[in-house]
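Here's the structure, in structure tokens; my notes come after.
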Amino acid sequence: MSLTPGEQDRLLLFLQGELARARRNRGLLLNIPEATALIADSVVELARDGLTLDEVRLRAREILSVKDVLPIVPQLLTEIRVEARFDDGTRLVVVRDPFNQGTESIGESSEQAFPADGIEGELLKITNTASIAIGVSSHIHLAEVNPRLRLDRSRAWGMHIAVKTGDATWIEPNEVVEVALTPIEGNRVMLGNSGVVDGPLDDPEVRERALATLRSCGYLDERDGEEINSPDLALGAVHRLMSNETQVNT
Amino acid sequence: MSRMDRELVQPAAVDIGNYGPQAGDVIALGDLNLNLTIERRVPDRGDEFHVGFAKTGRDGIGLTPVPTAESCDVVLTNVIVMDPVDGIYVASIGIREGRISGIGKAGNPNTMNNVDVVVGSGTVVISADGMIATPGGVDAHVHSLTPRVFEAMLSSGITTVIAQEAGPVWGVGLGSRWFLDQAHRAMERYPMNIGLLGRASSATVDPLREAIAGQVCGFKVHEDTGATLRTLDTALRLADEIDVQVALHTDGLNETLSVADTVDVIAGRAIHAYHVEGCGGGHAPDVLTLAGRDNILASSTNPTLPYGTNAVSEHLDMILLCHGMNSQREADIRIARARVRGFTMAAENQLHDKGVIPMTSSDAQGMGRAGETWWRTFAMASVLGSTEDNTNARLLRYLAKITINPALTHGLAHEIGTLTPGKLADIILWRPAQFAAKPWLVLKSGFPAWGETGDPNASLPDTEPLQLSAQFGAMGSAPSELSRLITSVAGNAESHNHSHRKIITVRNARTVRGTDMVNHGVLGQVSVSGTSGSVYFNDEELLGQPVSTVPISRLHFW
């Protein structure tokens, strides 16, 4: 048979599943390892029976109910992960809400922008001129974001968007969003990102040089409502920044 | 600048699982019925460091492009630090070259305020958001009769062991330097700190000096090899000379010493009284009266924690089998029966709750269970608890029993026992639901050494069947780099070539006192009446009924 380590683990899971079934058949309420094993083992066999991944995921929630387990188990055991061999090969099965309590939640809104009036009046308009959506995450230095985003980069200087840490604002093609701003903290030294800053954010020389460089390379910008650089310059802006080429401002 | 906006960032309850809880959050611990309250959180509201897609753990945001010498080798992010001394709070833990380098707010000081733990662009990140981090457990009473006992301990969250054998020997301390040398070589493969006790049941110091040369970390005096006036005094005199602890299993027959005489022989010197309740052995029925004294540091072994309905029934067989006795011989049965007393078991539990007995241990393979000290300690906290006393102080009292107090007792607290910068990064990460039952990850000297592993062929590391087993720190020659051999200063001075491990030298094992025991230190007079079957602490009778069910056990184990 030339069992692989993964197959040996499958047999271990089977043994556990069978022991859990035997205990359940004696009328016992199952604990965490028992319930986990019984569901995981059943999932693998449903796949063996030829069901699809979507079918198995649904059926998996009906294998046990809250009545089959110790009362505290549904609070503590909220997800089971197991890999099963389907007709198209091995697949990951994630069983959320394993006792079918209607608590499955996936894809909660990640856009929790601040209410505009909470942010010291600092709102900034961003327009996505690209043909694809662009995400701007909570703590990226906003002045250096994708050249295809048109925004007042001088106002974005030293700032990040004020959303929950780790969240992102997605901007669809041709969409205009208003984001709240908040200053980057700490020593306010920017190393990395586009590399255009490479120094203290509050040094006026660094600021002017970097903003001028971005503009001259073709990053879309805006000043007092007036657009700087035409959208076609965005393509190649990063290349120009890398190769120190500048472009005459429009 | 104003941080008013930070107040809007998020409601506290949402954050668990993203980057851990906020101050004031209350977290349940499985079925323990003990609540953990977050006392404080580092000031990172609004720029929490965490890793992943679109997260702050990226170069130019939360990472700073400096070498690890200016940042750290490993960072554990946003963990619930549960420390017996410093309390329960949310912070990140930085680790450099195996030691805790800092605990606080993690991130990049160029873009974040109040950074305590600088995270470099090369720093290894262990995303521990919402997990509980405790110091590695210290089990100061282990009989290592088979090597896998260490696997059971690692799988339960123990990283430091004071052991007494190497193989199925009549050990209770080892005296042969040759045998000790082989034992040290073998134990190098486990990612743990391991010390071996020298057998100190000897009328002269010569066998003890050989054990010192064999790099023991302390001495064991045991009735099965002789716990007499002469052996006990010999051990204590040499212990005073070289600064190590003496672990004592007293004279259960009261053959040459009664408990009052043992106290007189100890004569105010520091000593570790093993299984002080007595069913593990020692003066029957009153060895428990050793507890509550400043110089006698008492511990319990785990089968009687908490005191359960089957405890008495189990122990008769356990004693007969463990101590080479014969169930057909009247005298042996009588001795065994004298050792198994429900009323002292009940009293022992009460003395733990009062802060009189400061330590728990396993007595693994010598009448205790290697992998059960963590869960039995907290199960005891649970069954003895009340809603009025469901506090962090209670959790930390019980945590101290299995971490800092055995470390202090055996002279190891300068290296282990708390989560403190400068100490070895021996850290257990627990999911709150599985706290004290099954660790998620055991870090030995800051390196993943043991923990939950899944189906090895799977697309994710954590699919069923999950097992507690070796991580990379238990592989190759990593254990000998990460682990420590515990020995005395004198033992360390011996030339040796039998272990590649670095050394923890025992310090201050002779000056440690009961009042030094963290979250304990309650002294007083324990009295035991064998005839009435009652135990008093000062004037209070200690009563307790055995419990028929205990938390953790049925919920988490097959």
Task: Angle between chain A longest axis and helix A:32-48 axis [Cα atoms, degrees, rounded to 10] - done: 90 degrees
Open item on the list: Below 21 Å, Cα to Cα, which lysines can residue B:444 reach? Residues fewer than 8 away in the same chain don't count.
Closed with: B:401, B:423, B:502
- [ ] Would you calculate, for chain A, the mean residue ellipticity at 222 nm contributed by helices, counting each DSSP H stretch of 4 or more residues as -39,500 (n - 2.57) and dividing by all residues, to the nearest 500?
- [x] -9000 deg cm²/dmol
Open item on the list: Over the Cα atoms of chain B, what radius of gyration and what Dmax do you get, in Å?
Closed with: 23.6, 82
Open item on the list: Averaged across B:443-456, how many Cβ atoms of other chains sit within 10 Å of each residue's Cβ atom?
Closed with: 2
TODO: May I ask what percent, to the nearest 5, of DSSP beta bridges between residues of chain A are antiparallel?
DONE: 95 percent
Open item on the list: Over the Cα atoms of the protein assembly as shown, each weighted equally, I'd like the Debye log10 I(q)/I(0) at q = 0.06 Å⁻¹, rounded to two decimals.
Closed with: -0.46
- [ ] Would you calculate the volume per residue, in Å³, of the smallest convex hull containing every Cα atom of the range B:338-418?
- [x] 113 Å³
Open item on the list: Just to be sure I understand the curve: with the Debye formula and one point per C-alpha of the range B:183-302, what is log10 I(q)/I(0) at q = 0.15, 0.20, 0.23 Å⁻¹?
Closed with: -0.64, -1.06, -1.30
TODO: Label the range B:115-257 by shape, choosing from rounded, prolate and oblate, from the square roots a ≥ b ≥ c of the eigenvalues of the Cα gyration tensor; if a/c is under 1.5 it is rounded, and otherwise prolate applies when a/b is larger than b/c, oblate when it is not.
DONE: prolate
Open item on the list: Placing one identical point scatterer on every Cα of the range B:356-505 and ignoring solvent, what is log10 I(q)/I(0) from the Debye formula at q = 0.15, 0.19 Å⁻¹?
Closed with: -0.98, -1.37
TODO: Using 0.36 nm per residue of separation minus the Cα-Cα distance, give me the extension gain between residue B:35 and residue B:233 in nm, one decimal.
DONE: 66.7 nm
- [ ] Using only alpha carbons, build the gyration tensor for the range A:116-242 and give me the equivalent ellipsoid semi-axes, biggest first, whole Å.
- [x] 20, 19, 13
- [ ] For the range B:166-230, state what percent of all Cα-Cα pairs lands in each successive 5 Å bin, counting from 0 Å until the bin that includes the largest distance.
- [x] 4, 19, 28, 25, 14, 6, 3, 1
Open item on the list: Using a Förster radius of 22 Å, what is the FRET efficiency between residue B:508 and residue B:86 based on their Cβ-Cβ separation? Nearest 0.05, please.
Closed with: 0.60
TODO: Indicate, rounded to the nearest 5 percent, the antiparallel portion of the DSSP beta bridges found entirely in the range B:4-130.
DONE: 65 percent
Open item on the list: Tell me the angle of helix A:5-25 to the major Cα principal axis of chain A, expressed in degrees between 0 and 90 and rounded to the nearest ten.
Closed with: 60 degrees
Task: Per principal axis, descending, Cα span of chain A in whole Å - done: 79, 45, 34
TODO: Return one number: the angle in degrees, 0 to 90 and rounded to the nearest 10, between the long axis of the Cα atoms of helix B:373-383 and the longest principal axis of the Cα atoms of chain B.
DONE: 90 degrees
Open item on the list: What are the extents of the Cα atoms of the range B:504-558 along their three principal axes, in Å, largest first?
Closed with: 42, 40, 20
Task: the range A:5-96: Cα Rg divided by the 2.2 N^0.38 Å rule of thumb - done: 1.04
Task: Cα lying deepest toward the dipole's positive end in the range B:402-558, options B:547, B:514, B:503, charges on Cβ - done: B:503
Task: Overall Cα dimensions of the range B:4-130, principal axis frame, Å, largest first - done: 44, 36, 24
TODO: Report the antiparallel proportion of the DSSP beta bridges in chain B as a percent, rounded to a multiple of 5.
DONE: 45 percent
Task: the range A:116-242 - charge dipole about Cα centre, Lys and Arg +1 at Cβ, Asp and Glu -1, debye rounded to 20 - done: 380 debye
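Coordinate-derived values only; no laboratory data. These figures come from a predicted structure and were not determined experimentally. Note: ideal-geometry Cβ built from the backbone for every residue, glycine included; neighbour counts use all protein chains shown.
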